[in-house]
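Notes follow the structure.
The values are calculated or read from the model by the stated rules, or taken from the named source; none is laboratory data. Values in this document were obtained by computation on a predicted structure and should not be read as measured data. Note that we place each Cβ from the backbone using ideal geometry, even for glycine, and neighbour counts take in every protein chain shown.
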Amino acid sequence: MIKTSVLALALSAVFAAPAMAIPAADLDQLGQGLDVTYTVLDNTQDDWVTFRAKIDFTNQSSKTLPATGWSIYFSHIRMVESVLTDQVKISHVNGDMFKLEPTANFVPLAPGQSLAIEFDAANWQVAKTDVMPNWYFVSEDQGQTITSLITSTSNRVNGLVPTKPSEELPFVADFSTPQQWKRYGSAAITDFYDPFTAQDRYQRNADLNVISNANGVIPTPAEMTLGTGDVTLDSTWVIVYGNGYEDQAMFLANQLGITAAPWSPTTQKRINMGWGQVNINGVQKWEEAYNLNVDAASEVITIGAADPAGALYASQSLLQLIDGNKVPAVQIADAPRFAYRGFSVDAVRNFRTKDSILQLLDQMAAFKLNKLHLRLADDEGWRIEIAGLPELTDVGATRCHDPEEKTCLLPFLGAGPEGSPESNGYYTAADYQEILSHAAALNIEVVPEIDIPGHAHAAIKAMEARYDHYAAQGNMAEANKYLLTDFNDTTQYLSVQMFTDNAINVCMESTYNFVDAVVSGLVSLHQGVQPLKTFHFGGDEIAGAWINSPACQDFIANNTDGVNSVSDLSRYFVERISVITANYGLDMAGWEDGLMHNGQVYPRSQMANSQLWGNAWQNIWEWGVADRAYNLANNDYKVVYNHATHLYFDHPYEPDPNERGYYWAPRFTDTRKTFGFMPDDVFANADFTRAGAPITKAEVVASAGVKKLLKPENVLGLQGSLWAETVRTEDQFEGMVFPRVLGLAERAWHTATWEANDNAGIALDETGRNTDYNKFANLLGQKVLPKLEQAGIAFNLPVPGGVIENGVLQANSTFPGLTIEYSTDQGASWQSYDHLNPPAVAAGVQLRTVSGLRASRVATVN
């Protein structure tokens, strides 16, 4: 095979015969009959630079795939660099969209024939979910563009998307060799990760043991003492509440199926709820603090809270303690570690419905998380209705095959030619306000994010559609009012997600008209429901835009605000939107890289908001950027720790090709890792490089420009994030979030005695952390996860560990208490595993975890 040169492709295009259209009926037959197999061949061929893959086409239809008249559009998350055949060419469209089409050398593919296409693409692909589904044919028939989904690449079975990648992406070949599951392979750089075996998992879980009748609350209360005896809740109980606590009393009453009434003397079994002073270690606590006392002797439960939020959290702790209908005698005094305990949801890459968000809010409140950071706009979509700008949702909330993106966005991330339920959708004003109302009742603040100036492809295309509409009427003033594009800008750039046009032009006044209109629209949506406090502008991953923009050249030449070059434009933009948001009385937030440039933090004194925080996220240890959180805090910005190595839940649970998710920061993040995050000593969390090589705190500190947090009072709290490129269905979403989010909730609420604290000079107590995790894992396995199953939450089921010792199966789980099953007949039948009476087995026994009707991936013990 030879690599197709650019010149050869150009000449083949010039001398190719005119394309003949394929009739729609024939195209449909080809779509239904073309068998596609995608195989990663070698990720290690030239460390980090490129990997080699192969696409196999087998024509199982009754029609010949002709020499011309067709193309195939498909999503591919890596840039295709070169094609190793002269029969087809592959060109980049935009974002992750690519176009495969025949060259003049293409040999028609008759029924039964096959064609193998090898190519090189950037970086690597080591997981099945790196490959996107729903490839499709395109042809022009009598002036009409026709499309046909290639059924073999469809991610739907009986109309549904399976949860497991192996079932969802059956056209992706298995990753069965190290060259396929590793990213590097030379002596210069080694990828230390291999898929876990059953034996590996058994060793990783070896320090865990089953605790009989685990009792407790997640997140762990500051003070908790178990008494003797218990109370039995039934319909005869009543909640009596004090002034200001009615909503929380009604919430608890509805959960328990009992009545609630204003306070009055009563001798019946009761739950008293009202104000109470909360002291922990002799210090009085206020916001969100509570006391919970279950008195078995008098059959009285008392909730005394410093505010209504504290009463809600006392109720959540009580609900967790219920086993059947019994509650153990207990005394709890509790208050949060951090005021900000957040979770961010990417509702753009794949849409999360209103009902999905409402269910998430219920679970966030159950574990005392109080901020929902909702990302509503990105390159691939716009998900919120804004009054006066209907194009944002008319165009930006839908994906389909429209190369000019006049009516919809391209079908990024495997949406297919007509889009999908996951790619299309937005929150109407009524939807969004229902979310706000539900959040407010659960003490959760919604922080909306509109990512600008980068990650704005959807907004740009929507406003270009608006421009075209008014320009066609000759109304140029209205056409230009919210335009985000300098049509004369010849700058060429490529964003991280391979967009060539995703940065709004910050030199045009119409851009600020647009930002003002969006902020005003959000303020109006929140008004009367949950008043908007903070606008999150994103600001992350801005590519090299604006260099050749005449609008920017003119702006720089005539500017008096200290903008002397293109490199000053991002700072200017942030300062402008700071003023816009401050004019609405809002605080502002952004991702860390939106508040700095080349490591220099923008002057806080130039920002108009009374509070401005940054989400510190990019902490790949060996890159020397883990100090960004400290840099912001020391420069008087508030900071939310959102570190990718521990708190990004789009990463896999294991380094296995069959696990869902990207892996650009750590190779994997499991619940134990999130649980072990230490906010008071960020550098002490250093463990491994991306390649899996050990790395120490000392090494990270040595490469850091800012080596110490000088202003810890500027740390607001913690946040976890779920990015949704590979997450399509609700089950997939829940599996990626739960149970890792419980580890986040634990660290955001509770300070453990084993944690390192840099300012206090306290080192990590590894033994203490392992002991604490064992308690946490038992509580999850025995109590919390079964309740999530009953609530319909499809949490991730861990694959068990196992070994055979002297002919006897020893098996374990990262959550002791979850049911493990084994099979000795290759999955034909399954039996429950009893660790007290382990069975005699032979090599080849299979293991899985089950909960309800769901099962984990299967492990084989050899």
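Taking the range 360-390 as the range and being more than 22 Å from the chain's Cα centre (by Cα) and crowded, with 21+ Cβ neighbours inside 10 Å as the test, only I386 passes. The set of residues in the range 95-108 that are buried (at least 21 other Cβ atoms within 10 Å of the Cβ) and under 30 Å from A458 (Cβ atoms) comprises G95, D96, M97, F98, L100. Of all residues assigned to the range 398-409, none qualifies as being crowded, with 24+ Cβ neighbours inside 10 Å, farther than 30 Å from V283 by Cβ and in contact (Cβ under 8 Å) with a residue 60 or more places away in the chain. Only a single criterion out of (1) buried (at least 17 other Cβ atoms within 10 Å of the Cβ); (2) within 22 Å of A456 (Cα to Cα) is not satisfied by V601, namely (2).
Of all residues in the range 80-104, those satisfying the criterion of being of a type outside the set (D, E), in contact with a strand residue (DSSP E or B) (Cβ under 7 Å, 6 or more places away or on another chain) and assigned to a loop (DSSP other than H, G, I, E, B) are L84, T85, Q87, T103.
To keep it simple, each residue is scored yes or no on (1) outside the structural domain of Q144 (by TED's automatic domain parsing); (2) modelled with pLDDT of 95 or more; (3) part of a helix (DSSP H, G or I); (4) in contact with an Asp or Glu (Cβ under 7 Å, 6 or more places away or on another chain).
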position	(1), (2), (3), (4)
D28	no, yes, yes, no
K54	no, yes, no, yes
R78	no, yes, no, no
F119	no, yes, no, no
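If you check A462, A477, A430 for being surrounded by fewer than 21 Cβ atoms within 10 Å (Cβ to Cβ), within 26 Å of the chain's Cα centre (by Cα), outside any loop (DSSP other than H, G, I, E, B) and of a type in the set (A, V, I, L, M), only one passes: A430.
Residues considered: L779, L744. Of these, the only one that is of a type outside the set (D, E, K, R), more than 30 Å from N155 (Cα to Cα) and touching a helix residue (DSSP H, G or I) at 6+ places or on another chain (Cβ under 6 Å) is L744. Within the range 530-569, if we keep just the residues that are touching a residue at least 24 places away in the same chain (Cβ under 8 Å) and out of contact with any Asp or Glu (no Cβ under 9 Å at 6 or more places or on another chain), the residue that is farthest from G614 (Cα to Cα) turns out to be D554. May I ask you to list pairs of residues, at least six apart or on different chains, whose Cβ atoms are under 7 Å apart, with the first in the range 258-269 being of a type in the set (D, E, K, R) and the second being part of a loop (DSSP other than H, G, I, E, B) and surrounded by 14 or more Cβ atoms within 10 Å (Cβ to Cβ)? Close Cβ pairs (under 7 Å, with a partner that is part of a loop (DSSP other than H, G, I, E, B) and surrounded by 14 or more Cβ atoms within 10 Å (Cβ to Cβ)) amount to K269/W237; K269/E299. Consider S524 carefully, then state whether it is of a type in the set (S, T, Y), assigned by TED's automatic domain parsing to the domain that holds E449, surrounded by fewer than 18 Cβ atoms within 10 Å (Cβ to Cβ) and in contact (Cβ under 8 Å) with a residue 12 or more places away in the chain. Answer is yes for this residue. Restricting attention to the range 802-841 and to residues that are within 28 Å of the chain's Cα centre (by Cα) and among the hydrophobic types (A, V, I, L, M, F, W, C), the residue that is nearest to P652 (Cα to Cα) turns out to be F815.
Out of V88, V83, one residue alone is without any contact (Cβ under 8 Å) to a residue 40 or more places away in the chain, assigned by TED's automatic domain parsing to the domain that holds T129 and surrounded by 19 or more Cβ atoms within 10 Å (Cβ to Cβ). It is V88. A single entry from I542, I547, I577 fulfils the requirement of being crowded, with 23+ Cβ neighbours inside 10 Å and part of a loop (DSSP other than H, G, I, E, B): I542.
Remark: pairs (first residue in the range 209-232, closer than 25 Å to S298 by Cα; second residue surrounded by fewer than 19 Cβ atoms within 10 Å (Cβ to Cβ) and among the acidic types (D, E); Cβ separation under 6 Å; 6+ apart in sequence or on different chains) = V231/E299.
When the range 123-161 is examined, which residues are found to be of a type outside the set (V, I, T), part of a strand (DSSP E or B) and within 28 Å of the chain's Cα centre (by Cα)? Matches in the range 123-161: Y136, L149, L160.
Residue-level analysis places P712 outside the set of residues that are assigned by TED's automatic domain parsing to the domain that holds E766 and either more than 26 Å from G768 (Cα to Cα) or buried (at least 18 other Cβ atoms within 10 Å of the Cβ) (or both). Of the residues in the range 621-637, at least one is touching a residue at least 60 places away in the same chain (Cβ under 8 Å), under 29 Å from N759 (Cα atoms), in contact with a Gly (Cβ under 7 Å, 6 or more places away or on another chain) and hydroxyl-bearing (S, T, Y).
Considering only residues that are in a loop (DSSP other than H, G, I, E, B) and hydrophobic (A, V, I, L, M, F, W, C), look in the range 433-448 and name the one that is surrounded by the fewest Cβ atoms within 10 Å (Cβ to Cβ). Here the answer is L442. So, R660, is that one part of a loop (DSSP other than H, G, I, E, B) and in contact with a helix residue (DSSP H, G or I) (Cβ under 7 Å, 6 or more places away or on another chain) or not? Against the criterion (part of a loop (DSSP other than H, G, I, E, B) and in contact with a helix residue (DSSP H, G or I) (Cβ under 7 Å, 6 or more places away or on another chain)), R660 qualifies. Would it be correct to say that V799 is of a type in the set (A, V, I, L, M), crowded, with 17+ Cβ neighbours inside 10 Å, under 22 Å from V841 (Cβ atoms) and within 25 Å of the chain's Cα centre (by Cα)? So V799 fits the description; yes. Is it fair to say G159 is at pLDDT below 95, farther than 25 Å from P66 by Cβ and of a type outside the set (K, R)? For G159, the condition - at pLDDT below 95, farther than 25 Å from P66 by Cβ and of a type outside the set (K, R) - is met.
Does the range 585-592 include one or more residues that are closer than 16 Å to V506 by Cβ, part of a helix (DSSP H, G or I) and touching a residue at least 24 places away in the same chain (Cβ under 8 Å)? Scanning the range 585-592, I find no residue that is closer than 16 Å to V506 by Cβ, part of a helix (DSSP H, G or I) and touching a residue at least 24 places away in the same chain (Cβ under 8 Å), so the answer is no. Quick check, is Y241 under 27 Å from L818 (Cα atoms) and either buried (at least 20 other Cβ atoms within 10 Å of the Cβ) or in contact with a His (Cβ under 6 Å, 6 or more places away or on another chain) (or both)? The answer is no for Y241. The set of residues in the range 274-304 that are more than 16 Å from L233 (Cα to Cα), surrounded by 11 or more Cβ atoms within 10 Å (Cβ to Cβ) and aliphatic (A, V, I, L, M) comprises V278, I280, A289. Sub-6 Å Cβ pairs linking a first residue in the range 307-330 that is farther than 17 Å from T232 by Cα to a second residue that is polar (S, T, N, Q), at least 6 apart or interchain, are P308/Q248; A309/N443; A311/Q248; L312/Q248; L312/N443, ordered by first then second residue. Could you check, for the range 63-70, whether at least one of its residues is over 22 Å from S148 (Cα atoms), more than 32 Å from the chain's Cα centre (by Cα), of a type outside the set (K, R) and surrounded by fewer than 17 Cβ atoms within 10 Å (Cβ to Cβ)? No.
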